[in-house]
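Have a look at the structure below before the remarks.
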Amino acid sequence: MSGRGRRTDEERLRLFIDLVNDLSQRRAVAGSTMKSRLTFGWSQDSGASFTADTGDEDDVRSYYLAFRHLTANDSDAQFGKISNILVGRLTDGELRDAAKQNKDQWGQVMSGRLIQELDGRQFNAKRAFDLVSNGLHFHHDKNLRDIWDGLDSETRATFHVQANGLMLDGTRVAVAQRSVAIAAFGRNALAFD
């Protein structure tokens, strides 16, 4: 997905459409095997309890491999780049407004609903995703791997649940942006110079 050669904006949009089609058909989403559930409880008899459900580990790991193309700066299918192409090249005002709304929603998803603090560093949803992706699944970043390895099981679970939530919410926004791109091609509403 990263640009080995220079892709045109049209090629990038088509790559994005294909990626989102792939994501939406993967078992983690289509079969609902990826979860993002955190449960806290308390009872007088047993005290505090904590459970996390992140779903099928193999399906989730496979999903990370594909989804990270939407977030990676070096990816031609990175959501921000795709949104900028759409906003900059759309000739249809309604579709441009929809693309802008999707871009705003993407920003909200990346920020997340929960900010976790760890050793004085704040982790929003995107940073939690990076930590789980590069600290647990793929070990691309030694610093993140070291942070991950130093976490207790409850903290790991909260980061994992937050990262899965980002992917689930992010996929919904990406599907909406894919619809804008498909409609733009169908209406011939993209100005490629």
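Just a few scattered comments:
Yes/no matrix, rows are residues, columns are (1) under 18 Å from the mean Cα position of the chain (by Cα); (2) farther than 22 Å from LEU70 by Cβ; (3) of a type in the set (Gly, Ala, Ser):
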residue: ARG127; (1), (2), (3): yes, no, no
residue: VAL132; (1), (2), (3): yes, no, no
residue: GLY135; (1), (2), (3): yes, no, yes
residue: PHE138; (1), (2), (3): yes, no, no
residue: ASN143; (1), (2), (3): no, yes, no
residue: ILE147; (1), (2), (3): no, yes, no
residue: ASP152; (1), (2), (3): no, yes, no
residue: THR155; (1), (2), (3): no, yes, no
residue: GLN162; (1), (2), (3): yes, no, no
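- The residue list ARG27, ARG89, ARG37 contains one member that is more than 25 Å from TRP148 (Cα to Cα) and either in contact with a Ser or Thr (Cβ under 9 Å, 6 or more places away or on another chain) or open to solvent by less than 30 Å² (accessible area, probe 1.4 Å) (or both), which is ARG27.
- For GLN101, the conditions (1) assigned to a strand (DSSP E or B); (2) out of contact with any helix residue (DSSP H, G or I) (no Cβ under 7 Å at 6 or more places or on another chain) all hold with the exception of (1).
- Selected residue (criterion: farthest from the chain's Cα centre (by Cα)) from residues of the range 2-43 that are more than 16 Å from GLN78 (Cα to Cα), assigned to a helix (DSSP H, G or I) and among the aliphatic types (A, V, I, L, M): ALA30
- Search result, residues across the range 105-124 that are touching a strand residue (DSSP E or B) at 6+ places or on another chain (Cβ under 8 Å), of a type in the set (S, T, N, Q) and either assigned to a loop (DSSP other than H, G, I, E, B) or surrounded by 14 or more Cβ atoms within 10 Å (Cβ to Cβ) (or both): GLN116
- The residue that is surrounded by the fewest Cβ atoms within 10 Å (Cβ to Cβ), among those in the range 134-193 that are acidic (Asp, Glu) and within 28 Å of ILE17 (Cβ to Cβ), is ASP193.
- ALA52 being surrounded by 18 or more Cβ atoms within 10 Å (Cβ to Cβ) and modelled with pLDDT under 85: yes
- The C-beta contact set for the range 55-71 (first residue touching a residue at least 12 places away in the same chain (Cβ under 8 Å), second residue assigned to a loop (DSSP other than H, G, I, E, B) and of a type in the set (Lys, Arg), distance under 6 angstrom, 6+ apart or interchain) comprises TYR63/ARG26.
The values are calculated or read from the model by the stated rules, or taken from the named source; none is laboratory data. If you're wondering where the values come from, they're calculated on a predicted model, not measured in any experiment. Positions of Cβ are generated from backbone atoms using ideal geometry, with glycine treated the same way; all protein chains shown enter the neighbour counts. Protein only, heavy atoms only, side chains kept; ligands, DNA and RNA dropped before computing areas. Shrake-Rupley method; radii C 1.70, N 1.55, O 1.52, S 1.80 Å.
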